[in-house]
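Notes to accompany the following structure.
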Amino acid sequence: MGLLVKNGEIITSNSRFVGDIWCEGETITRIGKNLEAPADAEVIDASGKYVFPGFVDPHTHIYLPFMGTYAKDTYETATIAALCGGTTTLIDFAIPGRDESPLAALETWKSKSEGIACHDYTFHMGVTRHDSQVESELKEIVAGGIASFKIFLAYKGAFGVDDRELYNILKLARNLGVITTAHCENADLVVEMQNELVAAGKLGPEHHHSSRPPQVEALGTRHLCTMAELLGSHVYIVHLSCENALREALEAKLRGTNVWVETLIQHLLLDKTYAERPNFEGAQYVMSPPLRDKKNQNVLWSAVAHNLISTVATDHAPFDLQQKEMGRDNFTLIPNGIPALGDRVRLLYTHGVETGRLDIHRFVDSASTQAAKIFGLFPRKGTIQPGSDADLVIYDPKVSEKISVKTHNMNIDYSAFEGWEVKGRCDAVTVRGKVQVREGKFVGEKGIGKLLKREATHHVS
Ligand code: URP
Ligand code: ZN
Ligand code: ZN
């Protein structure tokens, strides 16, 4: 047995080559021209198509207890949706409640995913408080292969940490050589501004963005970067949405701080007018940081093109229309999140590569390779080379499709991109040499996804 992918245009973050890929078992073992396959091998003809490394989404929420409810996907529905859209690895977040043990939370997340996910995955370990017990559990968790943390500067009273905790978590992360991912918004200001709006009777979803303006995100970003600079810790800003915050991160980079930046496909393509749609439709577009004024998008695209923003993720957090109704009378109660896991790659290809905003290599880099590198998965994931896992996306750029809730695989009753046309279909998607998708449809085996162990790679010299 084995799999031969023939005559595809193989595109990685730094190379382009028409040739063949031979996958033996779970691994890519040869790349070349005119490779021969044994009689019992499966052969996929990729002529006229791209062959990309499996895409990596470094920010998803599949199991997520949040704002009094739970995100809608399961590891089965989410990973099937991801695969049909070209994503073969995701990094989810195991987030303990403030009183919960991190080890117990990690066990919960493992129990939701093990034997259920249809492609590989790992977790960022949420840190929602700091004390000596948490510190010793985190050491055990990192030693066990979960080599990144997640903190929230927002969500006061829920996941948010205070400055004493932030300082100690970043110090621990530095000492363990792990990177800390962070949601950067000033929590106190969000609460104050929410209260002001509610008191003024401004209760609809169209007011959500006014409660968390760009300055509030910039302040949170500056705060994190200053702490990281002070301690020499490595940090990764999740879902950066606007120019103000980007400038803070870039200033910190220029001062030598080890800071990486992620944006979302939603922030590149959707703006605040979506959350202003009448009749509560705007609730479908409530997330934090919020969708911004459109003028931010050119800045974000340009930063992605020049690798000032390293990664494009989804922050996939699906809450259905009924769940969004929880905030019908008060926007602060609308569960925050916009689903996009199944759409990210094709939207980025269509609006990035096809428009000329993104070089095709940078497309692969921002949607796959950088995430693998930053989070200790490279070169197992994120590239096509001998020794890498045989996670491949055979992509036909000639096929056009329309995104719709009627055809998507995410377990959610609306699409944030309903009716948007995308160029390209994932003709075949493999996970460690196994064909999981054909002609854009899941045809594979459920439950084969493995929890990936990662080494700490962010040691400070
Ligand atoms: O609105 C969002 N982003 N929901 C998911 C939780 C988070 O902050 O990442
Ligand atoms: Zn967040
Ligand atoms: Zn998130």
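Summary of computed values
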| quantity | calculated |
| --- | --- |
| Qualifying residue in the stretch 144-161 (condition: away from ligand 2 (no atom under 16 Å from the Cβ), open to solvent by less than 40 Å² (accessible area, probe 1.4 Å) and within 18 Å of Ser233 (Cα to Cα)) | yes |
| Answer residue from the stretch 19-30, given it is β-branched (Val, Ile, Thr) and surrounded by fewer than 18 Cβ atoms within 10 Å (Cβ to Cβ) and is nearest to Val312 (Cα to Cα) among those | Thr27 |
| Of all residues making up the stretch 371-414, the number that are under 14 Å from Val429 (Cα atoms) and outside any loop (DSSP other than H, G, I, E, B) | 6 |
| Test: residue in the stretch 121-137 that is surrounded by fewer than 24 Cβ atoms within 10 Å (Cβ to Cβ), in contact (Cβ under 8 Å) with a residue 60 or more places away in the chain and of a type outside the set (Val, Ile, Thr) | no |
| Residue in the stretch 49-62 that is without any contact (Cβ under 8 Å) to a residue 60 or more places away in the chain and either within 16 Å of ligand 3 (Cβ to nearest atom) or under 22 Å from Asp427 (Cβ atoms) (or both) present | no |
| Asp20 being in a strand (DSSP E or B), within 16 Å of ligand 2 (Cβ to nearest atom), in contact with a strand residue (DSSP E or B) (Cβ under 9 Å, 6 or more places away or on another chain) and free of Cβ contacts under 8 Å to residues at least 60 places away in the same chain | no |
| Matching residues, the stretch 42-70, being under 19 Å from Asn336 (Cβ atoms), open to solvent by 10 Å² or more (accessible area, probe 1.4 Å) and of a type in the set (A, V, I, L, M, F, W, C) | Phe66, Met67 |
| Selected residue (only one of Glu217, Glu262 is in a helix (DSSP H, G or I) and either within 16 Å of ligand 3 (Cβ to nearest atom) or more than 18 Å from the chain's Cα centre (by Cα) (or both)) | Glu217 |
| Sole residue being charged (D, E, K, R) and under 22 Å from the mean Cα position of the chain (by Cα), chosen from Arg438, Arg454 | Arg454 |
| Leu224 vs. criteria open to solvent by less than 30 Å² (accessible area, probe 1.4 Å) and assigned to a helix (DSSP H, G or I) | yes |
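The values are calculated or read from the model by the stated rules, or taken from the named source; none is laboratory data. Quick caveat: nothing in here was measured; it's all calculated off a predicted structure. Cβ sites come from the backbone with ideal geometry, for glycine too, and all protein chains shown count toward neighbours. Just the protein is used for accessible areas: all its heavy atoms, side chains included, with ligands, DNA and RNA removed. Shrake-Rupley method; radii C 1.70, N 1.55, O 1.52, S 1.80 Å.
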